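S.K.: Sending over a structure as structure tokens; questions will come in a sec.
A short reminder: the numbers here are calculations on the coordinates, not readings from a lab. Just so we're clear, the structure is a prediction, and the values are computed from it rather than from any experiment. Positions of Cβ are generated from backbone atoms using ideal geometry, with glycine treated the same way; all protein chains shown enter the neighbour counts.
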Amino acid sequence: MALAPRRHGVKIIEVTTGALTLQVAATAIWGLVATASAADDKVFPLDTPVIVTDIGAAIQAAGAEGTLAKSLRAIGDQVNAVGVVVRVAEGEGGNEEDIATSLRANIIGDGAAGSRTGMQALLDSQSITGLRPRILAVPGVTDQAVGEALGLVASRLNAVAYYEAGPVRTVTAATAYRANFTHRELFLIFGSFTAADPVSKAIEPTYATAVAVGLRARIDQEIGFHKTISNVPVHGVVGLDTPVSWDLQDEDTEAGLLNGADITCLIRRDGFRFWGNRGCATDTRFAFESTVRTNQVLRDTIAEGVFPYIDRHLTPALARDIVESINALFRRLKSAGQIIGAEAFLTDANTPDQLADGKLRIGYRFTPCAPLEDLSVESQITDEFYADFNALAA
């Protein structure tokens, strides 16, 4: 008789099948491309993504020159959030045109893998720093080529980007400038706030795009990805450098014209606020910032969340688990008021030959929360409330 143990007790078996809980992707990580000729080279080496966790210390290391210190202060006044900075060199040349051309090249950078510079270095951020920036800006720059490059980088990072609405601060020029862009991830902002300079303490124009980056991160932390930056009080600013006419009950104003061109402007109402919900998308389904942001969050959350399922045995049970994992995420987001509704499902592409080739196709549809942009209240005069006049008078 062979010697064999006989279990007489309890054995715990871990079951690794079933639906997973998908964690919503982190969205409040910001990314800046800025200049700072007097910066500490050890803290902010050129063309290298650098993590910023202490904005106060980063401002000290940035020095008084360039756009970096002022941009960091604008973000820090809005939120305490981790971000990534890529410092680029100032432009060089014998005249203003040469300097501008040089600066443009430094900011746009080189996209060659392994030696990316300028804003292209943001694409290496996750591999270098472990962080993937989702809210981007190049404060203080209005060059069209830089804006186009920023839109491309934002689309590759699945991020949103804020950019100034052109070099000329007039409504006519800004609306014409808007026609140059089609990236749904890009959002144009007209005007500047004024605030205390972080070094000199003088009241000067500050970069509205950097303020927008900080506010977007604060909204992501406090409210959620489904809220636009419009009509939320801005911290740390004291005025408007380029005021526009605005009226809550009349769209025939400069603010109304800018919003009609899908440009966000700045207003003063119970403090200072951004006013505008739309970006540069040509597809009207992605007109609102909240829609673009929701789409990005769902894509990243689903992609990262189903990673553990990859390379498991492709069985009907596995397919059910993946679909249920995604639908459970949708139910949580709907319950939290962050989407109106969504549903994941197996598509008709799951034919026997495709499944045998290790390919599973899952689709999903969703309805994002649209911002209440246009509220109409109907007024009607009536005498019906005089009906019980005599009774009330008696």
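S.K.: Compare 212, 74, 112 in a GNM of the chain, Cα atoms joined below 10 Å, and give the one with the largest fluctuation.
M.R.: Most flexible of the set in this elastic network: 112.
S.K.: How big is region 12-129 by Rg and Dmax over its Cα atoms, in Å?
M.R.: Cα only, region 12-129: 18.5, 76 Å (Rg, Dmax).
S.K.: Starting from the Cα coordinates of region 294-394, work out the convex hull volume and express it per residue in Å³. Mind dumping the intermediate values first?
M.R.: On the way: hull volume 19.0 nm³, N = 101.
Convex hull volume per residue, Cα atoms: 189 Å³.
S.K.: Explain nothing, just the number: dipole magnitude of the chain about its Cα centre with +1 on each Lys and Arg Cβ and -1 on each Asp and Glu Cβ, in debye rounded to the nearest 20.
M.R.: 1940
S.K.: Return the single residue from 91, 18, 109 with maximal mean-square fluctuation; model: Gaussian network over the chain, springs between Cα atoms under 10 Å.
M.R.: Per the Cα network of the chain with a 10 Å cutoff, 18 tops the list.
S.K.: With a ≥ b ≥ c the root eigenvalues of the C-alpha gyration tensor of region 137-259, is it rounded (a/c under 1.5), prolate (a/b larger than b/c) or oblate?
M.R.: Taking the square roots of the gyration eigenvalues as a ≥ b ≥ c, region 137-259 is rounded.
S.K.: Which residue, 176, 356, 81, has the most motion in a Gaussian network model of the chain that connects Cα atoms within less than 10 Å?
M.R.: Among 176, 356, 81, the largest mean-square fluctuation in the Gaussian network model of the chain belongs to 356.
S.K.: Additional query: Out of every Cα pair in the chain, what percent are spaced more than 33 Å from each other?
M.R.: Tail of the P(r) past 33 Å holds 42 percent of the pairs.
S.K.: Rounded to the nearest Å, what's the spacing between the alpha carbon centres of region 364-381 and region 125-170? Just the number, please.
M.R.: 30
S.K.: Could you give the dipole magnitude of region 106-246 about its Cα centre, charging the beta-carbon of Lys and Arg +1 and that of Asp and Glu -1, in debye to the nearest 20?
M.R.: I would put it at about 320 debye.
S.K.: Where the centre of each part is set by its Cα atoms, how far does region 221-254 sit from region 25-58, in angstrom?
M.R.: Taking the Cα centre of each part, region 221-254 and region 25-58 sit 27 Å apart.
S.K.: Rank the residues 382, 209, 142 as a footprinting-exposure proxy: fewest other Cβ atoms within 10 Å of their Cβ go first.
M.R.: Fewest-to-most ranking of 382, 209, 142: 382, 142, 209.
S.K.: Follow-up. What helices does the chain hold that run 15 Å or longer along their axis, going by alpha-carbon atoms, with a Kyte-Doolittle average of -0.5 or more, using DSSP H for the helix calls?
M.R.: Details: long enough: 96-108 (18 Å, 0.07); 144-157 (20 Å, 0.86); 208-222 (20 Å, 0.22); 289-305 (24 Å, -0.66); 316-335 (28 Å, 0.09).
For the chain, where a helix must reach 15 Å along its axis and average at least -0.5, the hits are 96-108, 144-157, 208-222, 316-335.
S.K.: Kindly put 98, 220, 311 in sequence by how many other C-beta atoms sit within 10 Å of each C-beta, fewest to most.
M.R.: With the sparsest Cβ surroundings first, the list reads 311, 98, 220.
S.K.: By DSSP, what percent of the beta bridges with both residues in the chain are antiparallel, rounded to the nearest 5?
M.R.: 55
S.K.: Would you mind classifying region 112-202 by shape? Square roots of the alpha carbon gyration tensor eigenvalues, ordered a ≥ b ≥ c; an a/c under 1.5 is rounded, otherwise it is prolate if a/b is larger than b/c and oblate if not.
M.R.: On the way: a/c = 2.33, a/b = 1.33, b/c = 1.75.
Here region 112-202 falls in the oblate category.
S.K.: At a 10 Å Cβ-Cβ cut-off, how would you order 265, 280, fewest neighbours first?
M.R.: Least crowded to most crowded, the residues run 280, 265.
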